[in-house]
Amino acid sequence: MTIVETPTPACSARPAGAKITTLVMHYTAIESRADVVEGFMHPANEKSAHYVVDLDGTVIRMVPEAKKAWHAGVSTWNGADDVNRVSVGIEVVNFGWADRTGPNGELQRRDRVGNGFVTRTASAPAAAVVDRRSAWANYRWAAYPEVQTVAVLALVRDIVRRNGIDPTFVVGHEHIAPGRKADPGPGFPWARVATTLADLPAAEAWVARAVQSHAVRLGYGDSLGAAGVDGDWGKGTDKAVARIVKQHGKAYALPAATDRRAFAEALRRIPG
Ligand SMILES: [Zn+2]
């Protein structure tokens, strides 16, 4: 893997003793790599990531993993907030969501600043992922090009292995900031992430923590009771799982919860 080094001062020290436990995936919603990198160069913007992966698969390292990058903002995972403290963040260049298509089928969304529309410029592939949620019926999500996906998977595997991250703790921004963030969205290849990490071990307690954290995110935290996200798969976790399966099992083709790891990994496909 070739990595382009573009260090930024927009980062800080991790708190003493903070261990990297989590890998957070993002999309940029901006298709220009130059604009993304430029935006991460200024501490005043309070925005950065450890890595940026361009549409052509180029990997840019902006913050060393030993330092804290500023990608997650207000966030909760594994029963704790400020996920930046304990995570590595990857920003994948991608247009993101679209709420209409142009005359030639191109993805567009309303410009938040001006009155016009932003149009997706990346042409390969033109594929878009349709949203399955009823509230998002007209939304499309820009697909991730294959050459970029291959680079993302290699980078994810490398980071997870080197840091000893539990494979079930590779999550999206949408999972740690539900309701506020939608990236990397329904177009992100979560099933392929699970496949590429399949031979790496997952600790039982971490799998339980992942399922419990997703249960909280999806609004079933009350089923966990006072124990909350404790890494202990008890009756409360069974109860939360039953509710998740009832609500989302069919739509998201969730595997049987008897395979706890596969179940935890599949929960990443359910948007918040
Ligand atoms: Zn994000």
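The values are calculated or read from the model by the stated rules, or taken from the named source; none is laboratory data. In this text, all values refer to a predicted model and were calculated from it rather than measured experimentally. In this analysis, Cβ positions are derived from the backbone assuming ideal geometry, glycine residues included, and neighbour counts consider all displayed protein chains.
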Self-check item: Tabulated pairs, the range 177-192, first among the hydrophobic types (A, V, I, L, M, F, W, C), second within 15 Å of the ligand (Cβ to nearest atom) and outside any loop (DSSP other than H, G, I, E, B), C-beta under 7 angstrom, 6+ apart or interchain
Solution: 182/97; 182/174; 188/25; 188/172; 190/268
Quiz item: Could you say whether any residue in the range 48-61 is within 28 Å of residue 227 (Cβ to Cβ) and surrounded by fewer than 21 Cβ atoms within 10 Å (Cβ to Cβ)?
Solution: no
Quiz item: Applying the selection to the range 209-245, what residues are touching a helix residue (DSSP H, G or I) at 6+ places or on another chain (Cβ under 8 Å) and outside any helix (DSSP H, G or I)?
Solution: 218, 220, 228, 229, 230, 231, 232, 233, 234
Self-check item: Hits in the range 60-97 - residues which are among the small types (Gly, Ala, Ser), over 13 Å from the mean Cα position of the chain (by Cα) and away from the ligand (no atom under 11 Å from the Cβ)
Solution: 66, 69, 79, 80
Self-check item: Hits in the range 192-201 - residues which are of a type in the set (Gly, Ala, Ser) and either surrounded by 19 or more Cβ atoms within 10 Å (Cβ to Cβ) or assigned to a helix (DSSP H, G or I) (or both)
Solution: 194
Quiz prompt | Top-ranked residue in the range 176-191 [being closer than 17 Å to residue 262 by Cβ and part of a helix (DSSP H, G or I); ranked as farthest from the ligand (Cβ to nearest atom)] | solution = 191
Quiz item: Quick one: which of 152, 113, 86, 156 is β-branched (Val, Ile, Thr), without any contact (Cβ under 8 Å) to a residue 12 or more places away in the chain and either surrounded by 18 or more Cβ atoms within 10 Å (Cβ to Cβ) or more than 23 Å from residue 201 (Cα to Cα) (or both)?
Solution: 113
Practice problem: Can you confirm whether the range 251-265 contains a residue that is modelled with pLDDT of 95 or more, within 29 Å of residue 97 (Cβ to Cβ) and touching a Lys or Arg at 6+ places or on another chain (Cβ under 8 Å)? | Solution: no
Practice problem: Take the range 1-50 and flag every residue that is within 16 Å of the ligand (Cβ to nearest atom), touching a Pro at 6+ places or on another chain (Cβ under 8 Å) and not hydrophobic (A, V, I, L, M, F, W, C). | Solution: 26, 27, 50
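Yes/no matrix, rows are residues, columns are (1) part of a strand (DSSP E or B); (2) outside the structural domain of residue 21 (by TED's automatic domain parsing):
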site: 52; (1), (2): yes, no
site: 71; (1), (2): no, no
site: 90; (1), (2): yes, no
site: 114; (1), (2): no, yes
site: 118; (1), (2): yes, yes
site: 135; (1), (2): no, yes
site: 149; (1), (2): no, no
Quiz item: Can you tell me how many residues in the range 1-44 are in a helix (DSSP H, G or I), under 14 Å from residue 91 (Cα atoms) and without any contact (Cβ under 8 Å) to a residue 60 or more places away in the chain?
Solution: 6
Exercise. Answer with yes or no whether residue 206 is of a type in the set (Phe, Trp, Tyr) and in a helix (DSSP H, G or I).
Key: yes
Quiz item: at positive phi and either surrounded by fewer than 16 Cβ atoms within 10 Å (Cβ to Cβ) or touching a helix residue (DSSP H, G or I) at 6+ places or on another chain (Cβ under 6 Å) (or both), is that true of residue 45?
Solution: no
